[in-house]
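The values are calculated or read from the model by the stated rules, or taken from the named source; none is laboratory data. Note that the structure is predicted; figures quoted are calculated from it, not measured. Reconstructed Cβ throughout: ideal geometry from the backbone, glycine too, with neighbour counts over all protein chains shown. The area values use the complete protein model at the heavy-atom level, side chains included, leaving out ligands, DNA and RNA. Shrake-Rupley method; radii C 1.70, N 1.55, O 1.52, S 1.80 Å.
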Amino acid sequence: MLAIDMEMPKSCNNCDMCYKGRTCCITLLSVNIDSTERADSCPLVEIPAWNPVSIRPMTEEEEELYGDEYTLMWDCAVPEEEQTVLITTRFGTVVGTEFIDGYFENYEDIGDVLAWMPLPKPYEEKRGSENG
């Protein structure tokens, strides 16, 4: 596997891996430069990235709004409500959890979480393979 640090192209037309928008340099197949999506044969896959977690003290406005309910606020991107994600903890573990009501489930001490990432797409068995 080869990892390339580039933004995932939305279509073959704006992919840096194509020769002048005509041939994919990975598959060597012709590409449709008018397509608004990547070709089904595209071997590029998006690998979820870790999102570092940072926190900050609440502002006076936030203290008035939330009262004693919270003492710190997220100062980073956070998952969507009820999204299941992977987290890295300060204990050196990677676990799956949900983001509920502003917390990572089972980790109410927000200082315990160092980073989070979306779950990868589920494994999809290729049809016609010899192993199934």
Exposure of Tyr66 as accessible area (Å², to 10), given a probe of 1.4 Å and all protein chains: 80 Å²
Segment 47-129, Cα convex hull volume normalised per residue, Å³: 109 Å³
For Met58, solvent-accessible area (1.4 Å; no DNA, RNA or ligand), Å²: 20 Å²
Candidate residues Leu28, Leu114: accessible-area rank, largest first, probe 1.4 Å: Leu28, Leu114
Cβ-Cβ FRET estimate between Thr71 and Met117, R0 fixed at 35 Å, reported to 0.05: 0.85
